[in-house]
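The values are calculated or read from the model by the stated rules, or taken from the named source; none is laboratory data. No experiment lies behind these values; they were computed from the predicted model shown. Counting neighbours? That spans all protein chains shown, and the Cβs are built from the backbone with ideal geometry, glycine included. All accessible areas refer to the heavy atoms of the entire protein, side chains included, with ligands and DNA or RNA removed. Shrake-Rupley method; radii C 1.70, N 1.55, O 1.52, S 1.80 Å.
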Amino acid sequence: MNKNYHPIIGMEIHVELKTASKMFCGCKNDPFGAPKPNIYTCPVCLGLPGALPVPNRKAVEWCIILGLALNCDIPLFSKFDRKNYFYPDLPKGYQISQYDQPFAVGGYLNITSGKEKKRIGITRVHLEEDTGKLMHATVDGKKVSLIDFNRSGVPLVEIVTEPDLRSSEEARIFLKKLHQIIRYLEISDADMEKGTMRLEPNISVSEVSKSRAGELPPYKVEVKNINSFSFAKKAIDYEVNRHIAILETGSLPEQETRGWDEKKGITFSQRSKEEAQDYRYFPEPDIPPIRWQKSQINSFKSQIPELPDRKLTRFIKEYVLSEYDAVILTDEKAVAAYFEKAAISKTVPAKTITNWIINKKADIKKLSPEELVKLIQSKSQVSSMPDKELEEIISKIISSNPKAVADYRAGKETAMMFLLGQVMRETRGRADANTTRKILETKLK
Amino acid sequence: MDKASTKLTTDEIKKLAKLANLKLTEAQIKKMAESVSSVLSYVSQLKSLNTTDTEETSQVTGQENVFRDDVVDAERMLSQAEALSNSKNNHNGYFMVKAIFEEV
């Protein structure tokens with residue numbers, strides 16, 4: 001990249017919350033799992049006249065918990081607003097969102113890019129409702145749009161960052177970390193393929209001297225429809241190069257919304273000539289405002305589980321792990337919890353358990369942490385058994401455990417662990433687990 | 001109250017009509033300029049009140065923190081047929097509208 005320029009990137013991220021019901025009505029919140037279109041709707045989320053929205057308490061609390069996890073301030077007073085625009089996926093003609101008094105403001109997230117530690121400002125975290133889903137089709141020779149309102153009114157959190165990111169790689173690292181925190185909080189699957197997490201980078205390019213002086217570029221380009229971290233990185237790189245080429249000719253890139261075409265690896269203009277949007281936000285008259293007591297905010301704080309950064313530090317210290325190992329173990333909360341359950345018995349060194357998990361020596365989806373520990377124990381003992389004696393014991397175990405044998409033959413992998421355990425007990429741990437397993441598998445074929 | 005200050009131009013009416021998704025004829029625009037302006041003038045009588053000591057608010061019910069629990073209320077959910085029953089056009093269980101312009 002040209003040294004005289006650098007990218008100025010901010011992010012807008014939308015995340016669908018995995019509440020049982022929708023944001024403002026009791027309809028089922030499961031648009032992706034719905035067997036048919038338009039089966040989870042009611043007068044509220046179809047925008048029928050006279051229907052009254054009532055906010056979902058859990059969605060509001062989760063929004064605030066996310067705000068707190070991103071180090072935001074929680075204003076004691078908040079409200080919903082109407083954002084007015086016409087689009088067929090928005091049945092009311094407005095979206096209930098938050099404008100000037102969102103649930104969470106002024107936070108940050110620390111990231112590590114290479115060796116550099118950086119603080120990325122979080123402007124706000126607010127709550128709104130998702131729209132219906134549009135599909136484009138041809139029916140009877142006519143081009144039409146088909147609408148499914150199963151997604152209409154699903155709780156949607158929007159996270160907006162300050163323009164603090166300075167490279168596509170920083171953006172990718174930031175997004176991965178945000179994704180990890182959302183998964184730790186268990187408030188959303190944040191599954192980008194399903195569209196429950198959606199990314200919109202805002203990109204502009206500045207001459208280094210100008211941005212050092214605190215001057216932001218007089219334009220920005222928003223790229224929509226990005227559903228993977230690597231696409232976000234590619235789209236940012238593409239835009240940055242495009243802007244530099246335009247700036248080099250002495251012109252300014254147009255302020256516009258663009259889309260990302262993954263097949264062609266390019267962005268394309270979506271609404272360049274459109275005049276500035278006028279959403280005419282005003283306070284939502286159907287929903288009374290929200291006022292928190294400080295004690296409530298403290299109670300939300302206490303609901304935040306140990307987050308990745310803290311867990312990572314603790315794992316390194318408590319289990320004497322390398323940073324590399326601890327990063328992998330704490331990537332997903334479930335894996336971290338599995339490791340801790342296995343390590344708690346202290347019968348096997350934490351490092352050994354780590355190796356087994358990281359090198360995928362055992363399938364942790366099939367083995368319980370306790371079974372894993374037993375397996376490691378049995379494997380680390382040296383076999384001192386003549387093969388013939390072992391074979392005899394195995395035959396005996398097979399004939400005295402017909403149910404486990406049948407289970408195993410029916411595809412139940414845990415039955416193998418049971419049989420293995422029986423052999424281990426019979427041999428008082430003298431048998432080699434791998435050898436035993438192989439013999440068992442051969443005999444049960 | 002100065003009436004002239006709330007007099008809307010036809011351009012402003014055109015913009016309002018666009019935002020409201022309404023198609024107006026030239027005659028209607030002229031008429032609207034008059035009638036919307038008179039509504040604004042009427043409402044702007046409120047400006048004559050002294051509100052120095054009045055706290056700003058966006059609602060008057062006095063209610064706060066009205067929530068519902070996160071529970072699916074299947075009773076109030078509509079069947080697909082019910083949901084589509086007032087639609088002008090539908091197709092295979094979807095609402096159907098003229099194609100939305102997208103450059104994809």
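Filter the range B:48-63 down to the residues that are more than 11 Å from chain A (Cβ to nearest Cβ) and either surrounded by 11 or more Cβ atoms within 10 Å (Cβ to Cβ) or of a type in the set (S, T, N, Q) (or both) and list them by number.
Within the range B:48-63, B:SER48, B:ASN50, B:THR51, B:THR52, B:THR54 meet the criteria.
Among A:ILE13, A:ILE74, A:ILE65, which is the only one that is more than 27 Å from A:ILE226 (Cα to Cα), more than 7 Å from every other protein chain (Cβ to nearest Cβ), buried (at least 18 other Cβ atoms within 10 Å of the Cβ) and at pLDDT 95 or above?
Values: A:ILE13 fails: more than 27 Å from A:ILE226 (Cα to Cα); A:ILE65 fails: more than 27 Å from A:ILE226 (Cα to Cα).
None of the others qualify; the one that does is A:ILE74.
Is it the case that A:SER228 is closer than 30 Å to B:ASP70 by Cβ and not β-branched (Val, Ile, Thr)?
yes
Quickly run through the range A:158-168 and pick out the residues that are within 30 Å of A:GLY26 (Cα to Cα) and open to solvent by 40 Å² or more (accessible area, probe 1.4 Å).
The first filter runs over the range A:158-168 and keeps only residues within 30 Å of A:GLY26 (Cα to Cα), leaving A:158-160.
Once the filter is applied, which keeps residues that are within 30 Å of A:GLY26 (Cα to Cα) and open to solvent by 40 Å² or more (accessible area, probe 1.4 Å), the range A:158-168 yields nothing.
Go through the range A:275-299 and count every residue that is surrounded by 13 or more Cβ atoms within 10 Å (Cβ to Cβ), more than 9 Å from chain B (Cβ to nearest Cβ) and assigned to a loop (DSSP other than H, G, I, E, B).
3
What's the total number of residues in the range A:224-254 that are in a loop (DSSP other than H, G, I, E, B), within 25 Å of A:VAL15 (Cα to Cα) and open to solvent by 60 Å² or more (accessible area, probe 1.4 Å)?
2
What do you reckon, is B:ALA83 within 12 Å of chain A (Cβ to nearest Cβ) and touching a strand residue (DSSP E or B) at 6+ places or on another chain (Cβ under 7 Å)?
The answer is yes for B:ALA83.
Would you say A:PRO155 is open to solvent by less than 40 Å² (accessible area, probe 1.4 Å), more than 12 Å from every other protein chain (Cβ to nearest Cβ) and of a type outside the set (Val, Ile, Thr)?
no
When the residues of the range A:26-46 are narrowed to those that are of a type in the set (A, V, I, L, M, F, W, C), within 9 Å of another protein chain (Cβ to nearest Cβ) and open to solvent by 10 Å² or more (accessible area, probe 1.4 Å), which ends up nearest to A:ASN150 (Cα to Cα)?
A:ILE39
Given the conditions (1) open to solvent by 70 Å² or more (accessible area, probe 1.4 Å); (2) in contact (Cβ under 8 Å) with a residue 12 or more places away in the chain, which single one is not true for A:VAL125?
(1) is the only condition that A:VAL125 fails.
Quick check on my filter: what residues within the range B:75-104 are open to solvent by less than 100 Å² (accessible area, probe 1.4 Å) and in contact with a Cys (Cβ under 9 Å, 6 or more places away or on another chain)?
B:MET77, B:LEU78, B:ALA83
With (1) within 11 Å of chain A (Cβ to nearest Cβ); (2) among the aliphatic types (A, V, I, L, M); (3) within 24 Å of the chain's Cα centre (by Cα); (4) not in a loop (DSSP other than H, G, I, E, B) as the list, and B:LEU22 as the residue in question, which single condition is left unmet?
(4)
If I filter the range A:169-199 down to residues being of a type in the set (S, T, N, Q) and surrounded by 19 or more Cβ atoms within 10 Å (Cβ to Cβ), which single residue comes out as farthest from A:LYS117 (Cα to Cα)?
Keep residues of the range A:169-199 that are of a type in the set (S, T, N, Q), which gives A:180, A:188, A:196.
If we keep only those that are surrounded by 19 or more Cβ atoms within 10 Å (Cβ to Cβ) as well, we get A:188, A:196.
On the way: A:SER188: 27, A:THR196: 29 Å.
Out of the qualifying residues, it is A:THR196.
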